[in-house]
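Below is one structure, written out as structure tokens; the observations come after it.
The values are calculated or read from the model by the stated rules, or taken from the named source; none is laboratory data. On a predicted model such as this, the values are computed, not experimentally measured, just so you know. Note: ideal-geometry Cβ built from the backbone for every residue, glycine included; neighbour counts use all protein chains shown. Please note that ligands, DNA and RNA were not included when accessible areas were found on the heavy atoms of the full protein model with its side chains. Shrake-Rupley method; radii C 1.70, N 1.55, O 1.52, S 1.80 Å.
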Amino acid sequence: EPGFLRGGKASAGLISKACELAKNADVVLMWLGLDEGGEAEGIDRENMKLPDNQIALLKAVAQVNPNIVVILSCGCSVEMGWDEMAKAVVHGYLGGQAGALAMARLLTGEANFSGKLSETVPLCYEDTPSAPYYPGMEATSEYREGLYVGYRYFDSAGKAVKYPFGHGLSYTNF
């Protein structure tokens with residue numbers, strides 16, 4: 001079941017159908033992320049949140065089945081204050097044409113989750129050094145962070161993060 005509409009529109013009917021399906025599932029695989037309206041070249045995002053309609057779906061499904069694996073489909077970090085409602089979160093980034101098959105191989109154990117996070121996931125957008133400057137009102141964007149981008153900023157500022165650069169688990173030990 002889709003569970004939500006693209007573009008952030010709420011749909012109680014879609015949430016209800018998804019919950020009915022989830023009630024009898026051993027595991028719920030829930031794809032969440034940003035669409036072309038929330039993530040594109042040439043625009044500044046106003047925040048790092050997932051759309052409210054997707055969070056509403058996650059909350060509703062978690063009430064009927066707590067065995068949820070969230071697969072994120074977006075090309076960036078997002079705020080993850082909702083991750084406690086999931087047994088696992090997989091950041092699939094932008095998988096492209098073969099992304100679904102690759103994700104299926106990972107989720108079934110045919111391939112190993114050997115990749116790790118390629119960026120830091122902050123607790124909230126306001127914790128990032130760029131927050132005071134975005135979304136910008138100018139025609140250009142200035143990178144004012146200098147060398148203190150990503151983990152370098154969080155490490156040097158001593159700021160807590162949700163998940164650090166390089167975080168990740170796999171099915172095996174090395």
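How high is the relative contact order of segment 1-67, in percent, counting Cα pairs under 8 Å that sit 6 or more residues apart?
This gives 44 percent for segment 1-67.
Give me the one-decimal nm value for the distance between modelled label points at Arg45 and His167, 7 Å along each residue's Cα-to-Cβ direction.
Result for the modelled spin labels: 1.5 nm.
Given Ile68, Pro129, Ala56, which one lies farthest toward the positive end of the charge dipole of the chain, if we put +1 on the Cβ of every Lys and Arg and -1 on the Cβ of every Asp and Glu?
About the Cα centre, the residue reaching furthest to the positive side is Ile68.
Express in Å², to the nearest 10, the accessible area of Phe113 obtained by rolling a 1.4 Å probe over the protein heavy atoms while all chains stay in place.
Taking all protein chains as shown, Phe113 has close to 40 Å².
Which pairs break 29 Å Cα to Cα here: Lys9/Lys87; Lys23/Lys159; Lys87/Lys159; Lys17/Lys116; Lys17/Lys159; Lys59/Lys116?
Lys23/Lys159; Lys17/Lys116; Lys17/Lys159
Taking the solvent-accessible surface of protein heavy atoms with a 1.4 Å probe, what is the per residue accessible area of segment 103-165 in Å²?
67
Nothing charged except the Cβ atoms of Lys and Arg (+1) and of Asp and Glu (-1): what's the magnitude of the dipole of the chain about its Cα centre? Round to the nearest 20 debye.
For this selection, approximately 500 debye.
Just to make sure I understand: if all protein chains stay in place, what is the order of Lys23, Lys159, Lys9 by accessible area at 1.4 Å, largest first?
Result, largest first: Lys9, Lys23, Lys159.
If the only charges are +1 at each Lys and Arg Cβ and -1 at each Asp and Glu Cβ, what is the size of the charge dipole of segment 37-103 around the Cα centre, to the nearest 20 debye? Intermediate results must be reported in sequence, preceding the final value.
Working: 4 positive and 8 negative charges, 61 e Å.
Computed charge dipole of segment 37-103: roughly 300 debye.
Determine the gain in length on full extension of the stretch Val64-Leu101; use 0.36 nm per residue of separation and subtract their C-alpha separation, reporting nm with one decimal.
Numbers: separation 37, 0.36 × 37 = 13.32 nm, distance 2.78 nm.
Gain on stretching Val64 to Leu101: 10.5 nm.
Could you work out how far the C-alpha centroid of segment 1-37 sits from that of segment 107-174, in angstrom?
Cα centroid to Cα centroid, the span is 27 Å.
Near Ala56, within a Cβ-to-Cβ distance under 15 Å, what is the net charge of the other residues, with Lys and Arg +1 and Asp and Glu -1?
The answer is +3.
Per residue, how much space in cubic angstrom lies within the convex hull of the C-alpha atoms of the chain?
Taking only Cα atoms, the chain has a hull volume of 139 Å³ per residue.
Would you work out the relative contact order for segment 85-174, in percent, from Cα pairs under 8 angstrom that are 6 or more residues apart?
With pairs under 8 Å counted, the relative contact order is 39 percent.
Roughly what % antiparallel, to the nearest 5, for the DSSP beta bridges in the chain?
Numbers: 2 of 12 bridges.
Counting only bridges with both partners in the chain, antiparallel ones make up about 15 percent.
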